[in-house]
Amino acid sequence: MLEIKNITKLYGQQRALDDVSLLIDKGEIVGLLGPNGAGKSTLMKILTCYIPPSSGTATVCGHSIDDDTLAVRRCIGYLPEHNPLYVDMYVREYLSFAAGIQNVKHPKDRIEELISRLGLTPEANKKISQLSKGYRQRVGLAQALIHDPQILILDEPTTGLDPNQLEEIHEVIRTVGKDKVVLLSTHIMQEVTAMCNRAVIINHGRIIADHQMANISAEELTKQFHKLTLE
């Protein structure tokens with residue numbers, strides 16, 4: 001459902017991505033693991049058609065990021081690293097706005113379902129400006145899920161969450177990932193072991209390891225990650 005073919009992204013002489021290829025199937029939750037500046041966010045921006053690649057391409061649900069950008073965007077739910085919320089809106093108002101953009105059928109039912117599922121009920125009648133960073137992340141995740149997308153792209157999705165909130169969001173992502181493609185980025189090893197069934201390590205714009213979590217221990221993955229990123 002998500003195929004990345006030889007994508008390179010140049011900023012002047014700097015290679016943010018260098019010949020990246022990746023195939024992700026339905027039901028996979030893939031953790032894109034790497035240090036800050038590794039190229040994770042750049043790849044996600046390309047897949048969501050926010051920026052173009054310098055070379056290479058990708059197909060999302062069979063649609064090309066070069067030729068069919070609107071169809072690509074319809075397939076994707078996206079939570080960027082810097083969660084862009086309209087903070088003067090109330091939670092339900094914002095989610096209603098997002099549902100309208102995505103032409104969601106029965107939007108009120110869908111909004112209440114996500115408010116309950118993401119633990120937003122205690123904050124649902126507040127303005128977004130009144131929410132903690134953790135609750136703002138939940139609103140951003142609800143926005144990404146509002147139209148029940150086939151592919152979910154999450155850039156640092158658990159930023160600002162406390163330990164109890166982390167486990168709740170981990171469970172949501174594990175559940176929705178059973179019948180979707182989920183690509184999430186992080187530089188925290190525990191995030192990958194908690195949510196993902198596959199770990200892809202990226203460093204200096206290149207994929208340097210790709211593991212099924214069932215075939216590698218958390219200790220070995222941690223050791224490999226630190227060794228490779230320090231080279």
Quiz item: What is the spin-label model distance, in nm, from Asp88 to Glu168 if the labels are put 7 Å beyond Cα along the C-beta direction?
Solution: 2.9
Quiz prompt | Charge sum, other residues only, whose C-beta stays under 12 Å from Ser41's C-beta, Lys/Arg counted +1 and Asp/Glu -1 | solution = 0
Exercise. Given the options Asp18, Asp179, Asp88, state which has the largest fluctuation in a GNM of the chain using a 10 Å cut-off (strictly under) for Cα springs.
Key: Asp88
Quiz item: What whole number of Å gives the distance from the Cα centroid of segment 1-60 to the Cα centroid of segment 135-151?
Solution: 21
Quiz item: So what is the diffusion coefficient of the chain in µm² per second by Stokes-Einstein at 10 °C and 1.306 mPa s, using a Kirkwood Rh over Cα pairs?
Solution: 88
Self-check item: Reach of Lys180 by Cα under 13 Å, taken over aspartates and glutamates that are not fewer than 8 positions away in the same chain
Solution: Asp25, Glu28, Asp148
Quiz item: Between Gln212 and Ser54, what FRET efficiency comes out of the Förster formula 1/(1 + (r/R0)^6) with R0 = 35 Å and r the beta carbon distance, rounded to 0.05?
Solution: 0.70
Self-check item: Sites excluded, trypsin sites (Lys or Arg not before Pro) in DSSP loops with at most 15 other C-beta within 10 Å, longest stretch of the chain
Solution: 127-231
Exercise. Anything over 32 Å Cα to Cα? Flag those among Lys40/Lys178; Lys45/Lys105; Lys40/Lys223; Lys105/Lys178; Lys9/Lys126, in the order listed.
Key: Lys9/Lys126
Practice problem: Please identify which residues in segment 191-231 have an amide N closer than 15 Å to a label point set 7 Å out from the Cα of Asp18, following the Cα→Cβ vector. | Solution: 202-209, 228-231
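Here, each number is a calculation from the coordinates, and none is a lab measurement. In this text the structure is predicted, and so the values were computed from the model without any measurement. A quick note on method: Cβ atoms are made from the backbone with ideal geometry, for glycine too, and the neighbour counts reach across all protein chains shown.
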